[in-house]
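Accompanying notes for the structure given below.
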Amino acid sequence: MATFEKIISSDSHVREPAELWQQRVGNELGERTPRPVDNYDGVAGSFFYTGQYVVRHLSTDVTGAESDEARILIEAGYDPEVRVTFQERAGIDAELLFPTLFSAVMQIDDARVVQTAARAYNDWIAEYCSHDPARLIGNAVIPLHEPEWSIEELHRVRKKGLRAALINTVAPNGCPPLRDPSYDPFWSATEDLDVPVLIHIVTGRVQDPIVYAITPEQLAVAPKGIHEMWHEVQTTLSNEFIFGGILDRHPKLKLIDAEYDISWLLYFLFRDDQIHEQFRGILDLPKLKMKPSEYLTTRIWHGMTDDPFGVDTIRRVGADCILWGSDFPHVRSVNYDTQEAIADIYGELPLADQKKVVGENAVRLFGL
């Protein structure tokens, strides 16, 4: 089994406090303030109000933790000092940190609410990461309801040391599609600041059943929702960034899809090339500077956690565009068993490719 000198998770999470926005925003948003609630549709429990929807709130309470290691796994979600302790025990050198609760806040329609909440979260995650900036890699949340605001916030958070920008997987309700030229100044700003752009599950329009499915009616269609949530990124990459011309217009844009895994890529390499080469004239599609499959493997990076067909895909697409992420501290996380887990997943690949996926690609992308 290989022992990796540099392990970086390009998809990990914090568990920001549910009271964060009440504490930092105060009464500015009134009843639209994201906050914890203890009842939904007559059901008592632990819930979180996003400013528009109610979702399940997975508790960070350490009461009843049976061991010091179990306590660390819980507290690492919101305490940066404990997070570094976890990383040291797990053999992880650094993590790119995504939100938990705010992912659902990204889905709300009200621009003022989501922007105010985003600024509060970005201030909090910048403070969290300042504990150890070499290990805790900050990922700002940049909702795209109003591109001018998004550009201003991008400049603000870059000065705070945050290294990447999480955007909406699909343009917010009532907004133009991402391929619309109105977003071009934002894409240009990410190029100028060398800030990678990330899209992640739960930040589109499909509601994640894991947190949204509460009533029997919602639970009955949960599997459908899981599938639809993964499909969102595929149409966004194809229709918006590739055929929509974003990547052609912005050659220095760095784009990453996180936690969508990668085995779907092989089908899309075939289908998008077919659309471009055989159907373009029928559909009056633009002539691209490259084949769609080349954008998917040279201009877009893809995050993988535990895809059992991932190694087969890497053999076809190469290792340069793949990033491993642990998803810590969420349900798919390997917790302390990092070395063993990544060896099990990637051990059949050449060692040079393994090193790229578990660390070297992240170093290059995020300037670590």
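The values are calculated or read from the model by the stated rules, or taken from the named source; none is laboratory data. The model shown is predicted, which means the values in this text are computed figures rather than measured ones. Cβ atoms come from the backbone with ideal geometry, glycine included; neighbour counts cover every protein chain shown.
Of note:
- All positions within region 332-359 that are touching a helix residue (DSSP H, G or I) at 6+ places or on another chain (Cβ under 8 Å), closer than 23 Å to residue 13 by Cα and of a type in the set (A, V, I, L, M): 334, 342, 345, 357, 358
- Of all residues in region 170-217, those being at pLDDT 95 or above and hydroxyl-bearing (Ser, Thr, Tyr) number 4.
- Selection count, region 121-141, where residues are within 18 Å of residue 367 (Cβ to Cβ) and within 15 Å of the chain's Cα centre (by Cα): 5
- Considering residues of region 233-245 that are surrounded by 20 or more Cβ atoms within 10 Å (Cβ to Cβ) and within 23 Å of residue 304 (Cβ to Cβ) only, the residue nearest to the chain's Cα centre (by Cα): 233
- Unmet requirement for residue 97, which otherwise passes all of (1) in contact with a Leu (Cβ under 8 Å, 6 or more places away or on another chain); (2) closer than 18 Å to residue 12 by Cβ; (3) in a helix (DSSP H, G or I): (3)
- Every residue from region 278-324 that is closer than 23 Å to residue 339 by Cβ, among the small types (Gly, Ala, Ser) and modelled with pLDDT under 95: 310
- Among all residues of region 9-29, there is at least one that is assigned to a loop (DSSP other than H, G, I, E, B), of a type in the set (S, T, N, Q), modelled with pLDDT under 95 and over 26 Å from residue 171 (Cβ atoms).
- Scanning region 176-225 for residues that are surrounded by 16 or more Cβ atoms within 10 Å (Cβ to Cβ) and farther than 26 Å from residue 148 by Cα yields a total of 9.
- Residue selected from region 30-54 under the condition of a type in the set (A, V, I, L, M) and in contact (Cβ under 8 Å) with a residue 40 or more places away in the chain, by the criterion farthest from residue 172 (Cα to Cα): 43
- Listed here are the helices (runs of 4 or more DSSP H) enclosed by region 160-242 that have at least 1 residues being within 29 Å of residue 288 (Cβ to Cβ): 184-193, 222-235.
Yes/no per residue for (1) closer than 24 Å to residue 236 by Cβ; (2) of a type outside the set (Gly, Ala, Ser); (3) surrounded by fewer than 16 Cβ atoms within 10 Å (Cβ to Cβ):
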| residue | (1), (2), (3) |
| --- | --- |
| 323 | yes, yes, no |
| 330 | yes, yes, no |
| 333 | no, no, no |
| 348 | no, yes, yes |
| 354 | no, yes, no |
| 361 | yes, yes, no |
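- Restricting region 73-103 to residues that are in contact with a strand residue (DSSP E or B) (Cβ under 9 Å, 6 or more places away or on another chain) and of a type in the set (Val, Ile, Thr), the residue that is surrounded by the fewest Cβ atoms within 10 Å (Cβ to Cβ): 84
- Every condition in (1) of a type outside the set (S, T, N, Q); (2) free of Cβ contacts under 8 Å to residues at least 60 places away in the same chain; (3) part of a helix (DSSP H, G or I); (4) surrounded by fewer than 22 Cβ atoms within 10 Å (Cβ to Cβ) holds for residue 314 except the one numbered (4).
- Every residue from region 104-148 that is out of contact with any strand residue (DSSP E or B) (no Cβ under 8 Å at 6 or more places or on another chain), farther than 20 Å from residue 30 by Cβ and part of a helix (DSSP H, G or I): 123, 124, 127, 147, 148
- Some residue of region 54-72 being buried (at least 18 other Cβ atoms within 10 Å of the Cβ), at pLDDT 95 or above and more than 30 Å from residue 185 (Cα to Cα): no
- Inter-residue pairs, beta-carbon under 7 Å, first closer than 20 Å to residue 337 by Cβ and in region 76-99, second among the charged types (D, E, K, R) and in a helix (DSSP H, G or I), 6+ apart: 76/83; 82/75
- No other residue among 248, 257 is within 20 Å of residue 13 (Cα to Cα), charged (D, E, K, R) and at pLDDT 85 or above apart from 257.
- Neighbours by Cβ (under 6 Å, 6+ apart or cross-chain): first from region 107-134, more than 27 Å from residue 212 (Cα to Cα) and of a type in the set (Asp, Glu); second modelled with pLDDT of 95 or more and in a helix (DSSP H, G or I): 132/84
- Filter result for residue 51 (farther than 22 Å from residue 324 by Cα, touching a helix residue (DSSP H, G or I) at 6+ places or on another chain (Cβ under 6 Å) and at pLDDT 90 or above): yes
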